[in-house]
1. When you look at residue B:26, is it closer than 30 Å to residue B:208 by Cβ, within 16 Å of ligand 1 (Cβ to nearest atom) and at pLDDT below 90, yes or no?
2. If I filter the stretch A:64-112 down to residues being in a loop (DSSP other than H, G, I, E, B) and touching a residue at least 60 places away in the same chain (Cβ under 8 Å), which single residue comes out as nearest to the other protein chains (Cβ to nearest Cβ)?
3. Kindly indicate whether residue B:260 is more than 16 Å from ligand 5 (Cβ to nearest atom) and closer than 30 Å to residue B:343 by Cβ.
4. Check residue A:46 against each of (1) crowded, with 17+ Cβ neighbours inside 10 Å; (2) within 30 Å of residue B:69 (Cβ to Cβ) and name the one condition it does not meet.
5. Would you be able to tell me the number of residues in the stretch A:48-61 that are in a loop (DSSP other than H, G, I, E, B) and either away from chain B (no Cβ under 14 Å) or touching a helix residue (DSSP H, G or I) at 6+ places or on another chain (Cβ under 7 Å) (or both)?
6. Any idea which of B:49, B:12 is at pLDDT 85 or above, more than 11 Å from chain A (Cβ to nearest Cβ) and more than 10 Å from ligand 1 (Cβ to nearest atom)?
7. Does the stretch B:110-129 include one or more residues that are surrounded by 15 or more Cβ atoms within 10 Å (Cβ to Cβ), part of a loop (DSSP other than H, G, I, E, B), away from every other protein chain (no Cβ under 14 Å) and within 9 Å of ligand 3 (Cβ to nearest atom)?
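The values are calculated or read from the model by the stated rules, or taken from the named source; none is laboratory data. This one's a predicted model, so the numbers in the text were calculated from it and none came from an experiment. Glycine gets a Cβ as well: all are built from the backbone with ideal geometry, and neighbour counts include every protein chain shown.
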Ligand SMILES: [Zn+2]
Ligand SMILES: [Zn+2]
Ligand SMILES: [Zn+2]
Ligand SMILES: [Zn+2]
Ligand SMILES: [Zn+2]
Ligand SMILES: [Zn+2]
Ligand SMILES: [Zn+2]
């Protein structure tokens, strides 16, 4: 494996020494580009009670391309599909090499606190959300209790 | 023969046929990197370039971004940036076609990125870095601008190709990558093997150090304890277990200065008072630490209680919330702990009381001073009144004098010349005269008078 760019080493060190509150990202020992992420649901959101597992991978061209991030814990959210893929502009067209792992993880946490059913990835969920928001929020809360780890 | 471990460590090599490229981004900086770092590689700028939107990146970082799917946009604010690489042959041809006539200055659109102010590269070039051969043993530290010179001309750990001829037939060149310190001052190939001075095994110059310390069975060193000789590679291991090796008492940290052979240690420890005290003192240390913690917690809570008592008196409201907090804390703790806390609270109160007693005398002194001050203020008021009365009297006297003067004026200027100039009446006279000569201009009137 090619040696790890200094920037990735620096970012990893900082994630460990100065972690983002409510988010834990640990690189695999045998692949330092692959991170296990634990993310607490933001308070006063239906995901509040849970801790969600994600995987994050830094492709060879990082930071010229965005990291690949995916939810491993099942989650009921209009911008996250059944496979855990996330619809977030900074992960796709709006990526910039000035962004970092920590800013991406913070954006995802913010997305949990502010679902956007008008720009959906999971169509059915988004439909539910638009039809009856309070019911959808209730479902999201149930799923959190059922699938996510307790805080 | 296996390659020397120190040589395998990564570092800087100079190889013919390849341009000696140095990865500036692998440099280790001595000081923390809080400022002047590129938003893309997050390291101090290397050839900083500025965009027309005012942002600065390394030249190579921003150009890599331009070639990536992100394209020619500023990574910080996404504003579009125009740039055409000068070295790009195709681009040059296109330019030539579009501007055939003006050969000297081809009319190209100006680039939106250009070198940043020189001071920025000066500062980043002055940052202190470690040698790239640190892992091979070079301790050099210097400004970033000088690292290339150091690596190419000075550093003994930079590897070069060995250009010496080998003894073999037909004659050939060695070409082995070798650290400069093994090549310098030698006319022959340092890879020529020779017998070890101790064991006779065939070794080469670059391998010598490793052979002596890690391999040779005959390179002997005395154990500092038993004075027997062991191969250098194993003497450290032996010393760790040698009965005669001199050790300090484990209780040295709390004051025992006994030193002696390891075999005598158990005997010493039987009589060593420090050794017996150590577990107790360690335990005490732990307890003190815990106590310190709970004391600081309690004193912060006590402050809240005292606050709420004081404020409760004033507002009659109190602070139920903070009191709840306090009681919930003690609820978690065992009964014995809370008794201890109670005793501690009493002590704290006692302390506050004694503090108060200590302050009391100065409070009464302050009160006495306060009284004195109010007495002085009253006196002062009296004096003021007196003074006002005097002033009023004076005013009435002045008016009377003026009246008298006015009365006399029609009879001639006699009185005026008889009066002393500086006295009050004379001033009054001047004023009245000036007001009379106002028609001719007051300045003229004044200069006449003086
Ligand atoms: Zn850079
Ligand atoms: Zn910009
Ligand atoms: Zn060096
Ligand atoms: Zn050689
Ligand atoms: Zn030997
Ligand atoms: Zn020994
Ligand atoms: Zn002792």
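1. On the way: closer than 30 Å to residue B:208 by Cβ: yes; within 16 Å of ligand 1 (Cβ to nearest atom): yes; at pLDDT below 90: yes.
Against the criterion (closer than 30 Å to residue B:208 by Cβ, within 16 Å of ligand 1 (Cβ to nearest atom) and at pLDDT below 90), residue B:26 qualifies.
2. Pass one, the stretch A:64-112, residues in a loop (DSSP other than H, G, I, E, B): A:64-67, A:72-76, A:78-79, A:81-84, A:87-88, A:92-100.
Subsequent filtering for residues that are touching a residue at least 60 places away in the same chain (Cβ under 8 Å) retains A:73-76, A:100.
Working: A:73: 30, A:74: 31, A:75: 28, A:76: 32, A:100: 8 Å.
So the residue we want is A:100.
3. Working: more than 16 Å from ligand 5 (Cβ to nearest atom): yes; closer than 30 Å to residue B:343 by Cβ: no.
In short, no.
4. Residue A:46 satisfies all of (1) crowded, with 17+ Cβ neighbours inside 10 Å; (2) within 30 Å of residue B:69 (Cβ to Cβ) except (2).
5. Within the stretch A:48-61, the first condition is being in a loop (DSSP other than H, G, I, E, B), and the residues that meet it are A:48-49, A:58-61.
Add one more test, that the residue is either away from chain B (no Cβ under 14 Å) or touching a helix residue (DSSP H, G or I) at 6+ places or on another chain (Cβ under 7 Å) (or both), and what stays is A:48-49, A:58.
Summing the residues that are in a loop (DSSP other than H, G, I, E, B) and either away from chain B (no Cβ under 14 Å) or touching a helix residue (DSSP H, G or I) at 6+ places or on another chain (Cβ under 7 Å) (or both) in the stretch A:48-61 gives 3.
6. Working: B:49 fails: more than 10 Å from ligand 1 (Cβ to nearest atom).
Only one candidate passes the filter, namely B:12.
7. No - not one qualifying residue is present in the stretch B:110-129.
Here is a yes/no grid of residues against (1) in a helix (DSSP H, G or I); (2) touching a residue at least 24 places away in the same chain (Cβ under 8 Å):
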residue: B:218; (1), (2): no, no
residue: B:225; (1), (2): no, yes
residue: B:235; (1), (2): yes, no
residue: B:243; (1), (2): no, no
residue: B:275; (1), (2): yes, yes
residue: B:279; (1), (2): yes, no
residue: B:282; (1), (2): yes, no
